[in-house]
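The values are calculated or read from the model by the stated rules, or taken from the named source; none is laboratory data. This structure is a prediction, so every number in the text was calculated from the model and none was measured. No Cβ is skipped: glycine too gets one built from the backbone with ideal geometry, and neighbour counts run over all protein chains shown. With ligands, DNA and RNA removed, areas are computed over all heavy atoms of the protein, side chains included. Shrake-Rupley method; radii C 1.70, N 1.55, O 1.52, S 1.80 Å.
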Amino acid sequence: MDTPRRVEHQQTDRGYVPVYATGTVEQPWESYSKTDHEVWDTLYKRQRELLPAYACQEFLDGVERFGLGDGGIPRFSELNKVLGDATGWEVVAVEGLLPDEVFFDHLANRRFPVSWWIRKPDQLDYLSEPDLFHDLFGHVPLLLNPVFADYMQAYGKGGMKAHAIGPEALMNLTRLYWYTVEFGLIRTDKGLRIYGAGIVSSKGESIYSIDSPAPNRIGFDLERVMNTRYRIDTFQQTYFVIDDFAQLFDATRPDFTPIYGTLADSSAVAAGEVLPGDHVFHRGTREGFASGADN
């Protein structure tokens with residue numbers, strides 16, 4: 001089997017330019033090098049030692065059920081046996097970042113795309129795009145949770161509708177994904193914990209999101225989240241906190257079309273802003289906040 005392409009963003013004098021893949025590929029497990037497996041083991045060990053004090057129990061349980069620390073990069077085919085029996089989802093290998101409509105179609109059909117390639121040893125602490133470790137370790141364990149799994153499918157179906165409506169609706173929905181699936185916090189009897197994949201796959205942001213006094217931590221409100229800009233170049237300035245995963249799933253039940261119309265008539269909220277009606281768990285000190293445009 002030929003090794004698939006490794007589709008990565010391109011560095012230009014204006015920063016990184018996204019480059020998109022399209023279809024699915026077979027995971028080329030036999031082609032992974034010793035260094036690739038060592039990178040997985042290094043990242044896994046680092047996060048597994050850190051996360052019991054920071055991540056929600058549902059995520060930790062998923063990591064254990066998959067046996068992600070058994071040594072080396074996992075085989076997707078083995079993970080799919082567990083995942084399919086649990087929630088009917090499957091992991092599919094891709095060459096890199098997918099166009100929005102392709103990504104939504106996968107989610108709507110209970111397929112989660114995972115980049116087949118893993119970062120290089122000099123990229124352990126930062127990568128500008130999702131790789132195998134982010135996609136697999138960060139996202140897939142929670143797909144064993146039935147409620148979260150249903151939320152992800154509902155999000156995919158909503159994404160296909162938003163894509164048909166237009167770019168503003170798509171941006172509103174992208175913010176929901178960003179502040180929940182990627183960078184969400186959840187309230188537990190042990191305090192605030194992480195469930196977002198962008199946090200659990202990052203040592204620095206795992207610590208920052210829970211321990212730092214700088215960012216805001218605000219209770220989840222659907223329209224507030226969908227109207228809030230975000231940062232892609234730094235740790236987040238605001239984290240939104242859900243009560244439980246049922247709250248997320250319930251939020252996807254209504255037709256979002258009227259919400260898109262309402263938000264189209266209002267100005268987006270800056271990433272670090274706190275509004276009078278917010279349920280504030282912690283008002284950040286804003287120390288170290290970057291200036292410049294949010295998304």
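Selection of region 251-295 for residues being within 30 Å of MET160 (Cα to Cα) and of a type in the set (D, E, K, R) yields ARG253, ASP255, ASP265, GLU273, ASP278, ASP294.
May I ask you to list the residues in region 128-161 that are surrounded by 19 or more Cβ atoms within 10 Å (Cβ to Cβ), over 13 Å from the mean Cα position of the chain (by Cα) and over 19 Å from ASP105 (Cα atoms)? Passing the criteria: LEU144, ASN145.
When residues in region 275-295 are screened for being open to solvent by less than 40 Å² (accessible area, probe 1.4 Å), farther than 16 Å from GLU223 by Cβ and modelled with pLDDT of 95 or more, 1 of them pass.
Do we have ASP105 as charged (D, E, K, R), at pLDDT below 95, closer than 30 Å to GLY166 by Cβ and within 18 Å of the chain's Cα centre (by Cα) here? Against the criterion (charged (D, E, K, R), at pLDDT below 95, closer than 30 Å to GLY166 by Cβ and within 18 Å of the chain's Cα centre (by Cα)), ASP105 does not qualify.
Counted as qualifying within region 15-106 are the helices (runs of 4 or more DSSP H) with 2 or more residues that are touching a strand residue (DSSP E or B) at 6+ places or on another chain (Cβ under 8 Å), namely 57-66, 76-87. Cβ separations smaller than 7 Å between residues 6+ apart or across chains give the following pairs from region 66-78 residues that are modelled with pLDDT of 95 or more to residues that are surrounded by 13 or more Cβ atoms within 10 Å (Cβ to Cβ) and acidic (Asp, Glu): GLY72/ASP41; ILE73/ASP36. Scanning region 162-183 for residues that are more than 18 Å from PHE245 (Cα to Cα) and either assigned to a helix (DSSP H, G or I) or open to solvent by 30 Å² or more (accessible area, probe 1.4 Å) (or both) turns up ALA162, HIS163, ALA164, ILE165, PRO167, GLU168, ALA169, LEU170, MET171, ASN172, THR174.
Has region 235-252 got at least one residue that is among the β-branched types (Val, Ile, Thr), surrounded by fewer than 17 Cβ atoms within 10 Å (Cβ to Cβ) and touching a residue at least 12 places away in the same chain (Cβ under 8 Å)?
Applying the first criterion (among the β-branched types (Val, Ile, Thr)) to region 235-252 yields 238, 241-242, 252.
Right, trim to surrounded by fewer than 17 Cβ atoms within 10 Å (Cβ to Cβ) and you get none.
No, every residue in region 235-252 fails to be among the β-branched types (Val, Ile, Thr), surrounded by fewer than 17 Cβ atoms within 10 Å (Cβ to Cβ) and touching a residue at least 12 places away in the same chain (Cβ under 8 Å).
Filtering ILE199, ILE186 for residues that are out of contact with any Lys or Arg (no Cβ under 9 Å at 6 or more places or on another chain) and either of a type in the set (A, V, I, L, M) or assigned to a helix (DSSP H, G or I) (or both) leaves a single hit, ILE199.
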